[in-house]
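Report on one structure; see the data block that follows.
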Amino acid sequence: MNEYDSNRISDLVKKINYKKTKILSDADCYILNTCHIREKSTEKVYHDVGRVKKEFRNKKKPTVIIIGCVAQAEGEILLQKEKYIDAVIGPQSYHQINSIIKKIEKDKEKIISSDFDVIEKFDNLNTTKNSNNNISSFLTIQEGCDKFCKFCVVPYTRGPEFSRSIAELVRESKELVKNGAKEIILLGQNVNAFNYEGHKLSNLINELSKIDDLKRIRYTTSHPKDFSEDLIEAHKNFDKLMPLIHLPVQSGSNKILKKMNRQHTIEEYLNIIDKLKKVNPSIQFSSDFIIGFPGESDRDFKDSLELVEKVKFINSYSFIFSPRPGTPAFQLEKIDEKISKERLIIFQNFCEEIKLKYRKELLKKTSNVLFENRVGKKNEFFGRDMFSNSVITKSEKDLTGEIIEIKILSGNQNTLFGKICNESLKKEYAA
Ligand code: SAM
Ligand code: SF4
């Protein structure tokens with residue numbers, strides 16, 4: 001979502017004739033978009049601002065603005081601790097960026113903007129052209145969270161759940177497709193909680209499916225509690241909806257899920273997976289896990305390993321519990337750091353084993369790959385299969401934007417390598 005936000009900030013500042021530069025020393029204004037989900041995020045801000053300070057030691061100081069969830073959470077503290085910073089702007093008020101830049105330039109004032117103006121933000125963004133031209137483009141459809149998991153800062157930094165209007169989302173999707181997008185990844189902290197005046201995520205997917213040149217639709221991140229029957233059915237009804245579902249579970253133990261306030265049990269989670277597999281047996285799953293949440297016993301940890309074994313997630317993202325100030329879990333008694341670290345290693349190794357087995361099964365098989373870009377200056381192209389696995393293929397001809405059947409020949413942990421199978425295409429493209 002930060003990537004979507006950063007692109008939109010870049011679209012907004014074009015209105016005051018600012019444009020992105022890759023050369024730090026060229027910048028008149030330095031904007032840092034931040035994430036606060038795990039610790040060290042605030043330290044990273046000071047570190048990055050230190051880098052800018054060093055770069056501009058003998059030059060005119062650029063305007064320095066911190067945006068995003070660290071800005072929302074730390075607010076004035078950032079301005080007090082680091083005088084080089086000119087403004088802090090929360091994730092729901094970055095639409096004010098242009099007036100803030102102008103004000104800093106004119107009055108040399110320090111500015112804090114931390115309102116949850118989410119309606120105003122999207123009203124403003126809706127009238128700002130989305131210039132993103134990636135083959136696979138992000139689109140924020142929902143923001144915020146009302147779930148209040150005990151460990152998580154999102155409800156405090158992004159505010160309550162908010163969904164954008166279907167009409168605006170269709171309009172912006174068409175804009176992205178006009179710019180070249182073939183795939184749209186619908187984003188939300190609780191993307192399947194999307195509900196605009198009774199229209200749900202499945203309704204939006206239905207509308208987007210009608211856009212001819214849009215070939216693939218994905219959505220992330222879902223919450224098990226919001227996995228409604230209509231969304232399950234959508235995986236039967238819409239071919240454009242890709243069969244990889246990221247469904248974070250956080251723990252395999254009902255005791256820990258309860259302590260986390262996740263509002264579902266493992267049995268309910270597995271029931272969703274069963275139903276999805278019934279409507280579309282090819283569906284695969286990925287998940288997030290928190291290791292070492294307060295109170296996690298050896299048994300609870302084993303429950304998480306057993307869940308991985310059972311579901312065979314093709315990707316699992318795991319993090320040691322990070323106590324976030326202001327969240328209820330911050331107060332809880334932590335478990336020994338050494339134990340958490342040992343468990344994380346065991347967990348990640350186990351997930352890698354599962355992933356490796358899955359990837360071995362892909363060898364010699366074919367899959368449809370949407371190619372996104374050329375790799376450097378080589379005659380090689382990067383794309384993703386339907387399960388978001390990265391695939392690289394050689395070709396004389398530019399494959400960007402095309403969906404082509406590829407035979408997978410080899411692979412490592414992160415990338416699969418393959419060749420074009422179709423004989424006539426092979427002649428046309430093969431390097
Ligand atoms: N809304 C999604 C859900 O309910 O699963 C997750 C969104 S959260 C922004 C992304 C991931 O960050 C979570 O799935 C969780 O695994 C991880 N995370 C959030 N807070 C954390 C914390 N305090 N410590 C460690 N990991 C955390
Ligand atoms: Fe955070 Fe997701 Fe829980 Fe909301 S549902 S509090 S975003 S982990």
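The values are calculated or read from the model by the stated rules, or taken from the named source; none is laboratory data. Note that the coordinates shown come from a computational prediction; the quantities given were computed from them, not determined experimentally. Every residue, glycine among them, receives a Cβ derived from its backbone with ideal geometry; neighbour counts consider all protein chains shown.
Every condition in (1) hydrophobic (A, V, I, L, M, F, W, C); (2) surrounded by fewer than 21 Cβ atoms within 10 Å (Cβ to Cβ); (3) in contact (Cβ under 8 Å) with a residue 60 or more places away in the chain is met by Val153 except one, and the failing one is (2). Taken over region 257-283, the residue count meeting the criterion of being among the charged types (D, E, K, R) and more than 16 Å from ligand 1 (Cβ to nearest atom) is 5. Residues of region 240-258 that are surrounded by 21 or more Cβ atoms within 10 Å (Cβ to Cβ) and within 23 Å of Ser297 (Cα to Cα): Val249, Gln250, Ser251, Gly252, Ser253, Ile256, Leu257. For Lys225, the test of being modelled with pLDDT of 95 or more, of a type in the set (D, E, K, R), within 22 Å of Ile272 (Cβ to Cβ) and within 16 Å of ligand 1 (Cβ to nearest atom) is passed. Out of the residues in region 156-168 that are without any contact (Cβ under 8 Å) to a residue 40 or more places away in the chain and surrounded by fewer than 17 Cβ atoms within 10 Å (Cβ to Cβ), state the one that is farthest from Lys225 (Cα to Cα). Step by step, filter region 156-168, then rank; the result is Ala167.
Among the residues that make up region 24-35, is at least one of them hydroxyl-bearing (Ser, Thr, Tyr) and surrounded by fewer than 17 Cβ atoms within 10 Å (Cβ to Cβ)? Checked region 24-35: at least one residue is hydroxyl-bearing (Ser, Thr, Tyr) and surrounded by fewer than 17 Cβ atoms within 10 Å (Cβ to Cβ). Lys178 passes every criterion in (1) without any contact (Cβ under 8 Å) to a residue 24 or more places away in the chain; (2) more than 9 Å from ligand 2 (Cβ to nearest atom); (3) buried (at least 16 other Cβ atoms within 10 Å of the Cβ) apart from (3). Cβ separations smaller than 7 Å between residues 6+ apart or across chains give the following pairs from region 14-29 residues that are on the phi < 0 side of the Ramachandran plot to residues that are of a type in the set (Ser, Thr, Tyr) and part of a loop (DSSP other than H, G, I, E, B): Ala27/Thr21; Cys29/Tyr18.
When each of Leu214, Leu187, Leu201, Leu208 is tested for being within 16 Å of ligand 2 (Cβ to nearest atom) and more than 30 Å from Pro323 (Cα to Cα), the lone residue that passes is Leu201. Against the list (1) farther than 30 Å from Asn373 by Cα; (2) in contact (Cβ under 8 Å) with a residue 40 or more places away in the chain, the condition Arg171 fails is (1).
Suppose the filter is over 21 Å from Tyr317 (Cβ atoms), without any contact (Cβ under 8 Å) to a residue 40 or more places away in the chain and either out of contact with any His (no Cβ under 7 Å at 6 or more places or on another chain) or in a loop (DSSP other than H, G, I, E, B) (or both); does Glu372 pass it? Against the criterion (over 21 Å from Tyr317 (Cβ atoms), without any contact (Cβ under 8 Å) to a residue 40 or more places away in the chain and either out of contact with any His (no Cβ under 7 Å at 6 or more places or on another chain) or in a loop (DSSP other than H, G, I, E, B) (or both)), Glu372 does not qualify. Of the numbered criteria (1) in a loop (DSSP other than H, G, I, E, B); (2) farther than 26 Å from Ala329 by Cα, the one Ser99 fails is (1). Checking Asn237, Asn261 one by one, the residue that is surrounded by fewer than 20 Cβ atoms within 10 Å (Cβ to Cβ) and touching a residue at least 60 places away in the same chain (Cβ under 8 Å) is Asn261 and no other.
Could you list all residues from region 322-336 that are in contact with a helix residue (DSSP H, G or I) (Cβ under 7 Å, 6 or more places away or on another chain) and either within 12 Å of ligand 2 (Cβ to nearest atom) or outside the structural domain of Lys355 (by TED's automatic domain parsing) (or both)? Steps first, answer last, please.
First pass over region 322-336, keeping only residues in contact with a helix residue (DSSP H, G or I) (Cβ under 7 Å, 6 or more places away or on another chain): 323-324, 326.
Matches in region 322-336: Arg324 only.
Take the conditions (1) basic (Lys, Arg); (2) part of a helix (DSSP H, G or I); (3) at positive phi; Lys364 misses just one of them, which is (2). Residues of region 135-185 that are β-branched (Val, Ile, Thr), out of contact with any His (no Cβ under 7 Å at 6 or more places or on another chain) and not in a strand (DSSP E or B): Ile135, Ile141, Val154, Val170, Val177. The listed residues are Phe151, Phe162, Phe138, Phe194, and the only one of them that is under 17 Å from Ser93 (Cα atoms) and in contact with a helix residue (DSSP H, G or I) (Cβ under 7 Å, 6 or more places away or on another chain) turns out to be Phe162. Listed conditions (1) modelled with pLDDT of 95 or more; (2) within 16 Å of ligand 1 (Cβ to nearest atom); (3) of a type outside the set (D, E, K, R) are all met by Gly326, apart from (1). The C-beta contact set for region 134-148 (first residue farther than 24 Å from Glu183 by Cα and without any contact (Cβ under 8 Å) to a residue 40 or more places away in the chain, second residue part of a strand (DSSP E or B) and within 15 Å of ligand 2 (Cβ to nearest atom), distance under 8 angstrom, 6+ apart or interchain) is empty.
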